[in-house]
Amino acid sequence: MPGQRGRLNPPKPRLWVQMGSWWSATLVIVGLMLVLGEVLRRGEVIFPEGAALAFGVIGLRTPGWRRSPLAIALLPLAGASFGVMMVHLGGPRWAAEVAAMSAALVLLIAARSELTPVISAALFPVIFGVSSWLFPVSVAVLGGTVALIARATQGRRMASAEIRRKGLPTRAVLGAWTLFAVLLSAGGLIGGLPTALMAPPLFVAAIGQLVPEGYSRARVARQWAVLVAAAAVGVAASRLVHPPWVGGLLAVAITIAVFAVTATPHSPALAVCLIPQAVVVARPAQFVGAIAAGAAILSLAVYGMRPLVAGPFRGGDLSWAATVLRRRTE
């Protein structure tokens, strides 16, 4: 009906308007984190997935991520604390990685939450050897800030589908564990592989690909390209731009611009571009290649297991903003 057209098909925002909403929130929050890390001269303060969390909750308004501000404040903190604790306990790294992944999934199940960046918060200290308790403190501050902003903007009308979602279904949890096992097994069988192959944001990206609505090979290919571009941008900025906090902000800004150019807003890519700011990347080309290989392996695993795990799970970037941008290229 003509009278309903405006409500069913809202006018598409101009690209620069959408870009402004992404930049204003994400860059401010990430900038404060990077400046604090520079002042303290401690890379442990930098939580790369924090950029993805801010972008997904505030910029893209990913429904499953922003449904509970309390979960945004507490779950990443719990995951990060567990990860640092596992580093202090010592033992084989693979055992610590299994424990961290298990703890993150248990947290999500217990809280009935879809906030998949919790997985990255738990795995990051274990995979990259972050032992400082400053890391969970930084996660707490960043998560609390994003939660307050989410709470302040929660008064806007929520879609009925968002209200009905009740966390990760069993099939999505099994799918996440299978993806983790695939990459962990690949690293164990081959040996000597770069640490970045197991970069936590890659798992968050892969779990988002389990979404049945809107899945396509073309979309997954674009997301892979965005992840690789973010890795290259992050390494280049960390090597060429000083002071480091300026390089980090520039990497985030360029990655968001890539989102607009490719019409593929992909939150985990922001975490990937900040990894070189948080840890030392001795071999830039190897880092980019490891991100490309890890993302490709997980995407292929998702493609093979989708008939088994497909279900009503939305753990990625399928917000209204992402849908609008995808339609620009279709």
Task: Output for region 67-98, where each listed residue is under 12 Å from Leu123 (Cβ atoms), free of Cβ contacts under 8 Å to residues at least 40 places away in the same chain and either outside any helix (DSSP H, G or I) or among the aromatic types (Phe, Trp, Tyr) (or both) - done: none
Open item on the list: For Ala51, only one of the following conditions fails: (1) in contact with a Pro (Cβ under 8 Å, 6 or more places away or on another chain); (2) at pLDDT 90 or above. What is its number?
Closed with: (1)
- [ ] Pairs only if they're at least six apart or on different chains, beta carbon under 6 angstrom, first in region 227-240 and closer than 19 Å to Ala293 by Cα, second outside any helix (DSSP H, G or I) and modelled with pLDDT under 95; list them, first residue then second.
- [x] Val235/Val281
Open item on the list: Need the failing condition index for Tyr303 against (1) in contact with a helix residue (DSSP H, G or I) (Cβ under 7 Å, 6 or more places away or on another chain); (2) modelled with pLDDT under 90; (3) farther than 22 Å from Phe135 by Cα, just the number.
Closed with: (1)
Task: Tally, over region 109-129, of residues that are crowded, with 24+ Cβ neighbours inside 10 Å and either touching a Ser or Thr at 6+ places or on another chain (Cβ under 6 Å) or in a helix (DSSP H, G or I) (or both) - done: 10
- [ ] Check Ala230, Ala236 and return the single one that is crowded, with 24+ Cβ neighbours inside 10 Å, closer than 21 Å to Gly43 by Cα and at pLDDT 95 or above.
- [x] Ala230
TODO: Working only within region 243-287, note down all residues that are surrounded by fewer than 18 Cβ atoms within 10 Å (Cβ to Cβ), more than 21 Å from Val28 (Cβ to Cβ) and not hydroxyl-bearing (Ser, Thr, Tyr).
DONE: Val261, Ala263, Val280, Ala282, Arg283, Pro284, Ala285, Gln286
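The values are calculated or read from the model by the stated rules, or taken from the named source; none is laboratory data. Computed from a predicted structure; not experimentally measured. Here the Cβ is made from the backbone with ideal geometry for all residues, glycine too, and neighbour counts use every protein chain on show.
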